[in-house]
Amino acid sequence: MKNAYGIKKISLRVNEKELLVYTTLAEKAVGYRKLLADHGLVVYLQADGTTIELFGPGSVYPEYLFSGSDSVVSYRVSDIETTVSELERTGAKTLSPIQRGTSGYRFCHLAINGKAVFGVFENV
């Protein structure tokens, strides 16, 4: 049975050389399914449902997304409002309001000590 919750999205900011390496790895070595390639953004889907986003040159993303690192992990949760409230109570800072994505999910990005950015999302 597939694990429905936990780390289900990995976002990486990459340069041209890194983008070539990661796309070669994803397509030729491990056989991920390409979902999107548009304006420097390439998105892959793993068999377990985990999404890999490669933000290459020319891609667009919120300024805060890679402010502390070139990688951001996002966790799938069952109740995004409750999760965000609990995380804020423990000291996480909300970087974006809960938003609706184009593919039927809701998401929010948070940070710990203003540095480590991570995301939470809920499929709807």
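Computed values, structure above
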quantity	calculated
Other-chain or far-sequence residues with amide H under 5 Å of S96's (modelled H)	H109
Furthest towards positive pole of dipole, Q46, F66, A92, structure part the range 1-93, Cβ charges	Q46
Over 24 Å between alpha carbons, listed pairs K8/K115; K34/K115; K28/K115; K17/K115	K34/K115; K28/K115; K17/K115
Spin-label pair K93/D70, simplified geometry with 7 Å Cα→Cβ offset, distance in nm	2.5
Extended-chain gain in nm, criterion 0.36 nm per residue less alpha-carbon gap, T102 and L20	26.8 nm
For peptides 94-105, 21-32, 64-75, sequence by mean Cβ density within 10 Å, most packed first	64-75, 21-32, 94-105
The range 76-122, relative contact order [Cα under 8 Å, separation at least 6], %	39
Gained length - S78 relative to D48, 0.36 nm times residue gap less alpha-carbon distance	9.1 nm
The range 6-123, relative contact order in percent, only Cα pairs under 8 angstrom and at least six apart counted	25
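Values quoted throughout were computed directly from the atomic coordinates according to the rules given, and no laboratory measurement underlies them. Values in this document were obtained by computation on a predicted structure and should not be read as measured data. Here the Cβ is made from the backbone with ideal geometry for all residues, glycine too, and neighbour counts use every protein chain on show.
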